[in-house]
1. How much length, in nm to one decimal, is gained on full extension between Arg111 and Lys89, taken as 0.36 nm per residue of separation minus their Cα-Cα distance?
2. Quick one: what are the phi-derived ³J(HN,Hα) couplings along the range 40-56, Karplus 6.51/-1.76/1.60 with θ = phi - 60°, whole Hz, x for glycine and proline?
3. Residue separation times 0.36 nm, minus the C-alpha to C-alpha distance between Glu78 and Leu24: what's the value?
4. Setting aside same-chain residues fewer than 8 positions from Lys39, which aspartates and glutamates have a Cα under 17 Å from its Cα?
5. With a sphere of radius 14 Å drawn around the Cβ of Arg35, what net charge do the other residues whose Cβ falls strictly inside it have (Lys, Arg +1; Asp, Glu -1)?
6. Given the peptides 81-87, 58-64, 94-100, arrange them by the average over their residues of other C-beta atoms within 10 Å, most packed first.
7. How large is the helix-only mean residue ellipticity at 222 nm for the chain, computed as the sum of -39500 (n - 2.57) over DSSP H runs with n ≥ 4, divided by its residue count, in deg cm²/dmol to the nearest 500?
Amino acid sequence: MNPILTADAAPAGGGYSMILMMVLMFAVFYFFFIRPENKKKKTVEEMRSNLSVGDEITTIGAMTGKIVQVTEDTVTFETGEDRVRIQIKKWGVSTTAKMEAAEAEAQAAKRRGRK
C-alpha cells in the first residue's frame with residue numbers, strides 16, 4: 001500500500017503540539033500587544049474623566065491651553081494670551097500637563113535604573 005494514503009503515516013502527538021503552539025502564540029500576543037494597549041486606554045479614559053478647570057491640556061490636534069469649563073462630554077479651554085476659547089469633545093484631549101510630567105518622570109527613573 002501507499003504510505004501517503006494510510007492513516008498510520010501521521011506522526012504521533014502532532015495535533016497536541018500544534019494546539020499548544022497556537023495557545024502559546026496567543027499568550028505572547030496577549031501579553032505583548034493586547035494587554036498593554038488596554039492598560040493605556042484605561043489610563044487615558046481615567047485622565048479624561050478627571051479633567052478639571054485649570055488643567056493644562058494638549059488636544060489630539062496639538063493645540064494647547066488651560067481648561068475653563070468642563071461638562072459631561074465637552075471641554076472648553078483658552079489658548080494663549082489672546083484668550084480664545086475653544087470647545088471640544090472630551091475624547092479630543094490627548095494629554096494633560098500632569099500626565100506628561102508623570103511620563104517624563106517614569107522615563108527618567110527607567111534611564112537611571114539602567115545605568
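Laboratory data are not the source of any read-out in this text; all were calculated from the coordinates shown. The structure displayed is predicted, hence computed values, not measured ones. Glycine also receives a Cβ, built like all others from the backbone with ideal geometry; neighbour counts cover every protein chain displayed.
1. Net length gain for the segment: 4.4 nm.
2. 5, 4, 5, 5, 5, 4, 5, 4, 5, 6, 9, 5, 9, 4, x, 5, 8
3. 14.4 nm
4. By straight Cα distance, Lys39 reaches Glu100, Glu103.
5. Net of charged neighbours comes to +3.
6. Averaged packing, sorted descending, gives the order 94-100, 58-64, 81-87.
7. That calculation yields -14000 deg cm²/dmol at 222 nm.
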